[in-house]
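The values are calculated or read from the model by the stated rules, or taken from the named source; none is laboratory data. Here the structure is a predicted model, which is why all the values come from computation and not from measurement. FYI the Cβ positions are ideal-geometry reconstructions off the backbone, even for glycines, and counts take in every protein chain you see.
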Amino acid sequence: MRNQFYVPDLGKDHDSPFARDADGKLVRRGFWLDMSDRSLVLAMTQGLGAHLTNDQKRAHLRDLGREHLIDQVCIQEILPPTYALPSGVIGSGPPASNSLRQQR
């Protein structure tokens, strides 16, 4: 699997902590390594990394050797199940049922 690192717009943020050199290594690696696990989780979920995709967050954490934080940083999105309606249309949520309405 190819790493999908976040690539910042260095024209807007030339000092981005996500900046990488020509070899793909973090320029400001010490910025990240100096953080405690708790601070890194907060930075990636509520701070400067909140806008990254889960794939980008995973790649970043693996690169830093902090794979053990992936479950705390990359919250899984749980989608409702889909159902086929009598009309053949796919919908989300439980199908409407007259029998359920009558029981209430």
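The set of residues in the range 36-66 that are assigned to a loop (DSSP other than H, G, I, E, B), surrounded by 16 or more Cβ atoms within 10 Å (Cβ to Cβ) and either of a type in the set (Gly, Ala, Ser) or out of contact with any Phe, Trp or Tyr (no Cβ under 7 Å at 6 or more places or on another chain) (or both) comprises 49, 66.
Looking across the range 16-35 at every residue that is free of Cβ contacts under 8 Å to residues at least 24 places away in the same chain and more than 16 Å from residue 5 (Cα to Cα), the one that is surrounded by the most Cβ atoms within 10 Å (Cβ to Cβ) is identified as 35. Set side by side, the residues 51, 60 differ, and just one is within 19 Å of residue 15 (Cα to Cα) and at pLDDT below 95, which is 51.
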